[in-house]
Amino acid sequence: MNTKKIFIMTIAAFGALSVVSCVGGAKKLACPDETVPYIVETTETVVPADSVNGFPEYTILEKTQVDLSAFSKDADGAIVLFCGKSLYGWRGYNKDAVPSRWVIDEAEGAIKFSGSGTGEGQQGDGGDLIFAHKFKNFEFSIDWKVSKGANSGILYLAQEIKNQPIYISSPESQVLDNENHPDAKLGIDGNRKSSSLYDMIPAKPQNAKPFGEWNTTKIMVYKGTVVHYQNGANVLEYHLWTQQWTEMLQASKFSKDKWPLAFTLLNNVGGENHEGYIGLQDHGDDVWYRNIKIKILE
């Protein structure tokens with residue numbers, strides 16, 4: 001593999017530590033200390049093509065991670081990743097800044113994606129959003145709501161693969177208007193409805209609230225065991241890096257025959273260190289996220 005450093009870019013903003021009071025049910029959260037500079041340095045690692053497994057050459061991007069000491073913790077020790085006022089620590093997947101379609105909706109105390117109406121045909125001012133730090137064992141929690149007929153997703157343990165979508169290396173907890181988006185009727189046994197492990201395991205019970213109402217998703221990852229919770233209910237559990245995981249991939253759209261590169265990357269979710277980014281998907285529709293926190297599990 002060939003590795004090279006290609007550029008450095010500063011994307012830090014500066015300001016004082018503050019506390020905001022958000023409306024609409026969002027909690028009072030401390031904002032990050034933006035005087036801690038966040039400088040992005042990018043390294044590219046080229047992985048050669050593998051004719052045996054059938055995947056082409058691809059490039060892994062490694063970018064400097066944001067310093068978690070700039071972020072406050074809540075009373076339970078969870079790190080507050082979004083305070084309702086600042087996108088410090090967030091950037092676009094495969095990018096060095098936040099795409100302009102991701103904005104702060106202060107009235108909701110939320111990150112909002114302003115939809116383009118293009119589905120997965122992401123435009124230059126859009127793209128997926130990630131928090132710029134890799135996590136390994138954790139409990140991640142987030143509130144979300146969607147517009148009518150909207151689709152999005154919460155991705156975790158993601159790697160940055162140049163010129164590839166985020167979900168090529170990352171499991172996805174589906175975010176969906178189950179009643180109005182056709183994806184809810186596709187897949188098998190409801191495995192594309194909200195909080196399902198997309199295209200693999202359905203979320204049961206399916207207790208999502210309708211579009212325009214807030215839902216809460218929690219995702220626990222601990223030494224390969226993954227649990228999805230939706231609105232307080234445990235809706236699915238599975239185990240990474242096992243024969244069960246490989247068989248689920250093979251039965252999905254990410255099978256070795258259909259998408260060999262995705263199959264290879266997802267079989268090794270989290271890469272060598274079994275860690276990766278949290279991501280929010282641009283699927284072309286209006287969606288809101290708030291109360292975004294993560295508790296690191298040792």
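The values are calculated or read from the model by the stated rules, or taken from the named source; none is laboratory data. Fair warning: this is a prediction, and the values are worked out from it, not measured in the lab. Cβ placement follows ideal geometry from the backbone for every residue including glycine, while neighbour counts extend to all protein chains displayed. Quick note on the areas: whole protein, heavy atoms, side chains included, nothing else; ligands and nucleic acids left out. Shrake-Rupley method; radii C 1.70, N 1.55, O 1.52, S 1.80 Å.
Any residue that is under 28 Å from Trp241 (Cα atoms), open to solvent by 10 Å² or more (accessible area, probe 1.4 Å) and in contact (Cβ under 8 Å) with a residue 60 or more places away in the chain - is there at least one of those in segment 94-108? For segment 94-108, residues under 28 Å from Trp241 (Cα atoms), open to solvent by 10 Å² or more (accessible area, probe 1.4 Å) and in contact (Cβ under 8 Å) with a residue 60 or more places away in the chain: present. Only one of the numbered conditions (1) under 19 Å from Asp286 (Cα atoms); (2) touching a Phe, Trp or Tyr at 6+ places or on another chain (Cβ under 8 Å); (3) of a type outside the set (A, V, I, L, M, F, W, C); (4) open to solvent by less than 40 Å² (accessible area, probe 1.4 Å) is violated by Tyr88, and that is (1). Using the structure shown, decide if Ser147 is out of contact with any helix residue (DSSP H, G or I) (no Cβ under 9 Å at 6 or more places or on another chain) and either among the small types (Gly, Ala, Ser) or within 15 Å of Lys253 (Cβ to Cβ) (or both). For Ser147, the condition - out of contact with any helix residue (DSSP H, G or I) (no Cβ under 9 Å at 6 or more places or on another chain) and either among the small types (Gly, Ala, Ser) or within 15 Å of Lys253 (Cβ to Cβ) (or both) - is met. For segment 214-235, the condition holds for at least one residue, the condition being that it is assigned to a loop (DSSP other than H, G, I, E, B), under 28 Å from Gln123 (Cα atoms) and modelled with pLDDT of 95 or more. A Cβ distance below 6 Å, combined with a sequence gap of six or more or placement on separate chains, defines the contacts here; from segment 140-151, residues that are assigned to a loop (DSSP other than H, G, I, E, B) reach residues that are modelled with pLDDT of 95 or more and open to solvent by less than 10 Å² (accessible area, probe 1.4 Å) in the pairs Gly149/Asp177; Ala150/Asp177; Ala150/Val287. Kindly indicate whether any position in segment 69-84 is open to solvent by less than 20 Å² (accessible area, probe 1.4 Å), without any contact (Cβ under 8 Å) to a residue 40 or more places away in the chain and aliphatic (A, V, I, L, M). Within segment 69-84, one or more residues are open to solvent by less than 20 Å² (accessible area, probe 1.4 Å), without any contact (Cβ under 8 Å) to a residue 40 or more places away in the chain and aliphatic (A, V, I, L, M). Taking the criterion of being in contact with a strand residue (DSSP E or B) (Cβ under 7 Å, 6 or more places away or on another chain) and open to solvent by 10 Å² or more (accessible area, probe 1.4 Å), the residues of segment 129-146 that qualify are Lys134, Asn137, Glu139, Ser141, Asp143, Lys145.
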